[in-house]
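Peer 1: Pasting a structure here, questions to come.
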Amino acid sequence: MPLHFELVTPAKLVRSEDVHMVVVPGTEGEFGVLEGHAPFMSTIRDGAVQVYASANAAPEIIQVRGGFAEVNEKGLTVLAEHVEG
Amino acid sequence: MASLKELKGRIGSVKSTQKITKAKQMVAAAKLRRAQAAAEAGRPYATRLAAVMASLAGKVAGDSAPKLLAGTGADQRHLLVVVNTDKGLCGGLNSNLVKAAKLKARELQAAGKTVEFYLVGKKGRAPLKREFPSLIGKGFDTSIVKTPGFDEAEAIANELIGMFDAGKFDVAHLIYPTFKSALAQDPTINQLIPVPAPTVTEDTGAVVDYEPTEEEILEELLPRYVRTQLFGALLEREASEQGASMTAMDNATRNAGELIQKLTIIYNRQRQAAITTELIEIIAGAEAL
């Protein structure tokens, strides 16, 4: 089962796709989110969100600034104020 | 009666006005599409943020709530943040906004509150200043950038939150146009600060882990929420301005067309009259011989 991942900025919905794993730079340390993660909410620091499309693929790196991440039963939502690239 | 030459000049001038209004209409139509797309693209963020706010605010209530949510405890000094456009030629959009702002200000004053204005955009300044000369506070000039974006919203929000933290006001209202269609843009008044507590508290039942604590997240979230509100207002303003401008210019172009028609008829009649007079003179002259 893939993880549904959404990356949203005020300007637009940057990503909405099913991926294997996402590593998010939380304020208190990076955390990886896989399918079936327990409900969780964290603010994020400026840094890179790493998106693993499949288990073995090289991660895709998205630089984000300011925001927070929410994990619920529907998947992972990252709300970032700025996304670079 | 105007002379033929004068009439010709008038027709020419109305024609060139029509060209300008027509061009402005087409520009507005093109820009409207983009502004509308931008306004729609901004919605997912706002809805998701509101959902998260709702679930958090339900958990963090009472004394531990941050000041931005709980307010200063007073309800005396009100700040009206009025979002107007920077350019004119958009029909009654700005005067409607100003009217709504005045009404709200009067209502608050009648209730014995003090009112101050914070103006975004140029067009509201003059009419509000005429009405409330001493109440115009600071403002934010959005005319320096081509399309106000999130950076501007952030700057405005930071200034407002700074003023709030410094105890300059107790309650802030945001007055901005909501884009309904090219024909209708309604002035909307929302409470901005303190952030109104969401009415529907979502309870999923699941135990959510917070990192850091709920309070700290909420404290981070509230300024973001204010920023998003302002950003949304700027987007709506952009779409409204273009929509109103398109409609107003369409009307102006049509009016100019009608005026040209009328003037052309008068011009032709007069020309005809002049020819007839000349003919009568010639015939009368010939007859006298």
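Peer 1: Testing A:Thr9 on (1) of a type in the set (Ser, Thr, Tyr); (2) farther than 23 Å from B:Leu222 by Cα; (3) within 13 Å of chain B (Cβ to nearest Cβ), one condition comes back false. Which one is that?
Peer 2: Just one mismatch for A:Thr9, condition (2).
Peer 1: Tell me yes or no: at least one residue of segment B:55-72 is away from chain A (no Cβ under 14 Å), touching a strand residue (DSSP E or B) at 6+ places or on another chain (Cβ under 9 Å), buried (at least 16 other Cβ atoms within 10 Å of the Cβ) and in a helix (DSSP H, G or I).
Peer 2: Scanning segment B:55-72, I find at least one residue that is away from chain A (no Cβ under 14 Å), touching a strand residue (DSSP E or B) at 6+ places or on another chain (Cβ under 9 Å), buried (at least 16 other Cβ atoms within 10 Å of the Cβ) and in a helix (DSSP H, G or I), so the answer is yes.
Peer 1: Report whether or not B:Ala256 is in a helix (DSSP H, G or I) and farther than 23 Å from B:Lys123 by Cβ.
Peer 2: Numbers: in a helix (DSSP H, G or I): yes; farther than 23 Å from B:Lys123 by Cβ: yes.
In short, yes.
Peer 1: Residue under question is A:Phe68, and the condition is that it be within 10 Å of the chain's Cα centre (by Cα), part of a strand (DSSP E or B) and facing chain B (nearest Cβ under 9 Å); does it hold?
Peer 2: Here the answer is yes, as A:Phe68 does meet what is asked.
Peer 1: Does B:Arg34 qualify as being farther than 22 Å from A:Gly67 by Cα, at pLDDT 85 or above, within 14 Å of chain A (Cβ to nearest Cβ) and part of a helix (DSSP H, G or I)? Give the steps one after another, and end with the answer.
Peer 2: On the way: farther than 22 Å from A:Gly67 by Cα: yes; at pLDDT 85 or above: yes; within 14 Å of chain A (Cβ to nearest Cβ): yes; part of a helix (DSSP H, G or I): yes.
For B:Arg34, the condition - farther than 22 Å from A:Gly67 by Cα, at pLDDT 85 or above, within 14 Å of chain A (Cβ to nearest Cβ) and part of a helix (DSSP H, G or I) - is met.
Peer 1: I've got another one for you. Can you confirm whether segment A:49-56 contains a residue that is without any contact (Cβ under 8 Å) to a residue 40 or more places away in the chain and not in a loop (DSSP other than H, G, I, E, B)?
Peer 2: yes
Peer 1: Examine segment B:240-254 for a residue that is within 14 Å of chain A (Cβ to nearest Cβ) and surrounded by fewer than 19 Cβ atoms within 10 Å (Cβ to Cβ), and state whether such a residue exists.
Peer 2: no
Peer 1: I need the full set of residues from segment B:18-40 which are out of contact with any Gly (no Cβ under 6 Å at 6 or more places or on another chain) and buried (at least 16 other Cβ atoms within 10 Å of the Cβ), in order please.
Peer 2: B:Gln18, B:Thr21, B:Lys22, B:Lys24, B:Gln25, B:Ala28, B:Ala29, B:Lys31, B:Ala35, B:Gln36, B:Ala38, B:Ala39, listed by residue number.
Peer 1: Also, quick follow-up: What number of residues in segment B:176-220 are within 14 Å of chain A (Cβ to nearest Cβ) and either part of a strand (DSSP E or B) or modelled with pLDDT of 85 or more (or both)?
Peer 2: Total satisfying the criteria: 3.
Peer 1: Further, regarding this structure: Which residues, counting only those in segment A:12-39, are more than 13 Å from the chain's Cα centre (by Cα) and away from every other protein chain (no Cβ under 14 Å)?
Peer 2: Those that are more than 13 Å from the chain's Cα centre (by Cα) and away from every other protein chain (no Cβ under 14 Å): none in segment A:12-39.
Peer 1: Now, a different point. Could you list, in sequence order, the residues of segment A:26-47 that are more than 22 Å from B:Asp151 (Cβ to Cβ), of a type outside the set (D, E, K, R) and without any contact (Cβ under 8 Å) to a residue 40 or more places away in the chain? Before the answer, list the steps.
Peer 2: Restricting attention to segment A:26-47, the residues satisfying the condition of being more than 22 Å from B:Asp151 (Cβ to Cβ) are A:26-42.
Filter again for of a type outside the set (D, E, K, R), leaving A:26-27, A:29, A:31-34, A:36-42.
Once the filter is applied, which keeps residues that are more than 22 Å from B:Asp151 (Cβ to Cβ), of a type outside the set (D, E, K, R) and without any contact (Cβ under 8 Å) to a residue 40 or more places away in the chain, segment A:26-47 yields A:Thr27, A:Gly29, A:Phe31, A:Gly32, A:Leu34, A:Gly36, A:His37, A:Ala38, A:Pro39, A:Phe40, A:Met41, A:Ser42.
Peer 1: Would you mention how many residues in segment B:141-159 are within 18 Å of the chain's Cα centre (by Cα) and surrounded by fewer than 20 Cβ atoms within 10 Å (Cβ to Cβ)?
Peer 2: 8
Peer 1: Something else about it: Kindly list, by first and then second residue, each pair from a residue in segment A:1-20 that is touching a residue at least 60 places away in the same chain (Cβ under 8 Å) to a residue that is among the basic types (Lys, Arg) and surrounded by fewer than 16 Cβ atoms within 10 Å (Cβ to Cβ), limited to pairs with Cβ atoms under 8 Å and residues at least 6 apart or on different chains.
Peer 2: From segment A:1-20, the pairs are A:His4/A:Lys74.
The values are calculated or read from the model by the stated rules, or taken from the named source; none is laboratory data. Computed from a prediction, not measured in an experiment: that's the story for all the values here. Here the Cβ is made from the backbone with ideal geometry for all residues, glycine too, and neighbour counts use every protein chain on show.
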